[in-house]
Amino acid sequence: MKPRILVIDDEAGIRDSMRMILEYEGYECLLAATGPEGLAMAEREAPDLVFLDIKMPAMDGIEVLERLRARSDGPPVVMISGHATVSTAVEATRKGAFDFIEKPLASDRVLLTVRHAVDQRRLREENVTLRRAAESRHEMVGDSPALERVRDAIGKAAPTNATVLILGESGVGKELVARAIHRNSLRARERFVQVNCAAIPEELIESELFGHEKGSFTGATEKQIGKFEQADRGTIFLDEVGDMSAKTQAKVLRVLQEGEVERLGSSKTMKVDVRVIAATNKRLEEEIDAGRFREDLYFRLSVIPIHVPPLRERTQDIPLLVKHFTELFNRESSFKPRRFSNESLVEMQQQRWRGNIRELRNTVERLLIMSRGDAVEAQDIRGILRVGDRAAPGPAAGATPALPMSHAAAASEPAAPAASAALAAVSVAPAEPPPRPGTLREFKEVSERAFLVDKLREYGWNISRTAEMLDTPRSNLYKKLEQHQISQEKDG
């Protein structure tokens, strides 16, 4: 549909001329002879663009411009005049006019301005849509007391520049907390730079964080700006900070103490203004006792500690989370929109969710894809999820969603052997058995992949811990993960 354009001018000849130019090109044209009439029409018809004469009786164009631009969703305004001065044009631009055209109006000039103004408005609307979509993906969903305590801590931490240490199990949503702090801080308009310290090989993490000069080491063919420099005036989020080497910890401590970074291969230091938010699923006090983490860095990072509860401590949020993930999936996929029945939500609350919210989201998507009908039912969940992953027997259909099981109930549950526990850590069963290997090489690859996935599940997808227990360098484990296309999202 072509854009709708409003022309506000007291000269009938100008209005008729503009109508001919615009309608010939397929635009819908609205006409108003006075400022008040034009404002009323803009309110009623919501045009995509306004052409506005400066000199008009009763209310001049500058006043109309001010009122149009005062609206948050107001259209772009192009001023037109036959006897305006340079100062008038400057004043109109300063008050928000998109462009300024002198009479007599040339059709080519008018149409070029229309295209530019409409394209800019479309881009602005697309940016707003994309930003809202991104915010919905990073939204903290739930109203449980445990989550409200996290929100309260965010509200206190966000307006300050203090470093924040976010603690919690894998998959609980530590990144969402970090983004919420940044979004509500004085640095919200600046960059949010995220670094997963566990996903970067040890020999590269210093270069990633602090940058390097050309030729500073083998393979450094170009200068690289580090993440701390990129985050200048903004926020840097150091995820899995407990996996940093001792050398890198020392350099991060220097940034926190002095506000300075030094690229590899350079003798110059640069000042940076960066707020640091860190997160870990490790117990850093134990890492300090074991000599793997610096105590002084821990105190620098944990000025404001925030603990994010596991899903088992906020099971009342599960129905809201399922609804949220369902809406995201329905919006982003070509599948027929589906929902979860009340009975299925009760069933979802009975699951263990060892992988916390990340596992819940993956499971919701799987159920929406694999189940039939307009709604996911309780039998769909029992048919797809592993029986061993239930936290407790589910209540009868239609019952009120269950609360987390008591400590006594948890204690009375028989403990599973280590191998069974590792397998039960995945709540989603394969859609179909994998094909049998036909050659010795295929058998070795299938076996190696299964072994690595099993170990990663056993150690909660902690790369450093898994590599340590397998007695292999972390960089080698990352190569194996890439070779076999192993990921926590896909393999649980």
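The values are calculated or read from the model by the stated rules, or taken from the named source; none is laboratory data. Quantities reported herein were computed from a predicted structural model and do not represent experimental measurements. Here Cβ is always computed from backbone atoms with ideal geometry, including for glycine, and neighbour counts include all displayed protein chains. Keep in mind that these areas ignore ligands, DNA and RNA; they rest on the heavy atoms of the full protein, side chains included. Shrake-Rupley method; radii C 1.70, N 1.55, O 1.52, S 1.80 Å.
A few points about this structure:
- Length available on full extension from Glu139 to Asp119: 0.36 nm per residue minus the Cα-Cα distance, which gives 4.2 nm.
- Accessible area of the chain belonging to carbon and sulfur atoms, whole % at 1.4 Å probe: 51 percent
- Each Lys or Arg adds one and each Asp or Glu takes one away; over the other residues whose Cβ falls under 14 Å from the Cβ of Leu345, this sums to -1.
- Amide H contacts for Val303 (H built 1.01 Å from N in the peptide plane; partners 5 or more residues away or on another chain; cut-off under 5 Å): Thr163, Leu165.
- Per-selection Kirkwood Rh - segment 263-328 (Cα, Å, 1 d.p.): 16.1 Å
- Take every pair of alpha-carbon atoms less than 8 Å apart whose residues are at least six positions apart; their mean separation over the length of the chain yields a relative contact order of 11 percent.
- 20 Å cut-off, amide nitrogen to a point 7 angstrom out along Arg283 Cα→Cβ, residues in segment 144-188: 165-172
- Sites Arg312 and Leu440 - FRET efficiency at Förster radius 60 Å, r taken between beta-carbons, to 0.05: 0.85
- Label-point separation, Leu112 to Asp296 (7 Å along Cα→Cβ), nm: 6.3 nm
- For the pair Arg151 and Lys95, label points projected 7 Å from Cα toward Cβ lie 4.2 nm apart.
- Principal-axis tilt of helix 318-332 within the chain, Cα atoms, nearest 10 degrees: 50 degrees
- Note on the chain: antiparallel DSSP beta bridges, both residues inside, total approximately 15 percent of the bridges counted.
- Simple rule: put +1 on each Lys or Arg Cβ and -1 on each Asp or Glu Cβ in the chain, find the dipole, and look at Thr160, Ala117, Gln485; the Cα lying farthest toward the positive end is Gln485.
- Accessible area per residue in Å² at 1.4 Å probe, computed on the chain: 53 Å²
- Inter-probe distance in nm under a simple model that places probes 7 Å from Cα toward Cβ, at Glu11 and Glu468: 8.0 nm
- Considering only Thr88, Met59, Leu30, the residue lying farthest towards the positive end of the dipole of segment 14-132 is Thr88, judged by Cα position with unit charges set on Cβ.
- Both radii are taken from the alpha-carbon atoms of the chain; with Rh as the Kirkwood radius, Rg/Rh is 1.09.
- Net lengthening on full extension, Phe451/Glu37 (0.36 nm per residue, minus Cα-Cα): 141.6 nm
- Above-threshold pairs, the threshold being 23 Å between Cα atoms, out of Lys251/Lys479; Lys223/Lys268; Lys174/Lys268; Lys251/Lys490; Lys282/Lys455; Lys268/Lys479: Lys251/Lys479; Lys174/Lys268; Lys251/Lys490; Lys268/Lys479
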